[in-house]
Amino acid sequence: MQMTIFVLPISMLLFFVLFFGIGFILNMLLRMSWIMAIIYPVIAILIIDQVRFIEYFTNTGFAFSDLGTELSSLAMADILILSSGLAGAIVAGITIKLLRKKGYRMF
């Protein structure tokens, strides 16, 4: 399915806002500024790959070779959307750090 030029920026914005919001809330509740930036690659792998998560531990060779195949076959639009989600998670960490530095205490 082809992605139109209108869908790509909207999808990128939605992923950025979604992972910024989730990262901001997790950073606020768990008091760990980079928790979402650390968790995001696992979430991205679960989005990209169709292999069950447990197979990365039970059938390691097949799972990682399949992941490499899936990563190499991603379209540029998919890479842009996933990277905007990572950017949202990183910006959430930076925002929490700045707010704490300026004296705001969240929970």
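The values are calculated or read from the model by the stated rules, or taken from the named source; none is laboratory data. All values derive from a computational prediction rather than experimental measurement. Here the Cβ is made from the backbone with ideal geometry for all residues, glycine too, and neighbour counts use every protein chain on show.
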field: Number of positions in region 1-20 that are surrounded by 12 or more Cβ atoms within 10 Å (Cβ to Cβ), of a type in the set (A, V, I, L, M, F, W, C) and in a helix (DSSP H, G or I)
entry: 11
From the options LEU82, LEU67, residue that is modelled with pLDDT of 90 or more and under 28 Å from PHE6 (Cβ atoms): LEU82
- line: When ILE43 is run through (1) at pLDDT below 90; (2) surrounded by 13 or more Cβ atoms within 10 Å (Cβ to Cβ); (3) not polar (S, T, N, Q), the failure sits at (1)
field: The lone exception for LEU80 - which of (1) more than 13 Å from the chain's Cα centre (by Cα); (2) over 30 Å from LYS101 (Cβ atoms); (3) of a type outside the set (Gly, Ala, Ser) it fails
entry: (1)
- request: Output yes when any residue across region 21-35 is under 26 Å from GLU70 (Cα atoms), out of contact with any Gly (no Cβ under 9 Å at 6 or more places or on another chain), part of a loop (DSSP other than H, G, I, E, B) and basic (Lys, Arg), and no when none is.
  value: no
- prompt: Residues GLY93, GLY61, GLY103, GLY68: which one is over 20 Å from LEU8 (Cα atoms) and touching a Gly at 6+ places or on another chain (Cβ under 7 Å)?
  reply: GLY93
- line: Quick count over region 76-90, residues being of a type in the set (Val, Ile, Thr) and surrounded by 14 or more Cβ atoms within 10 Å (Cβ to Cβ), is 2
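Answer yes or no: is there a residue in region 66-75 that is on the phi < 0 side of the Ramachandran plot, under 12 Å from the mean Cα position of the chain (by Cα) and surrounded by 15 or more Cβ atoms within 10 Å (Cβ to Cβ).
No, every residue in region 66-75 fails to be on the phi < 0 side of the Ramachandran plot, under 12 Å from the mean Cα position of the chain (by Cα) and surrounded by 15 or more Cβ atoms within 10 Å (Cβ to Cβ).
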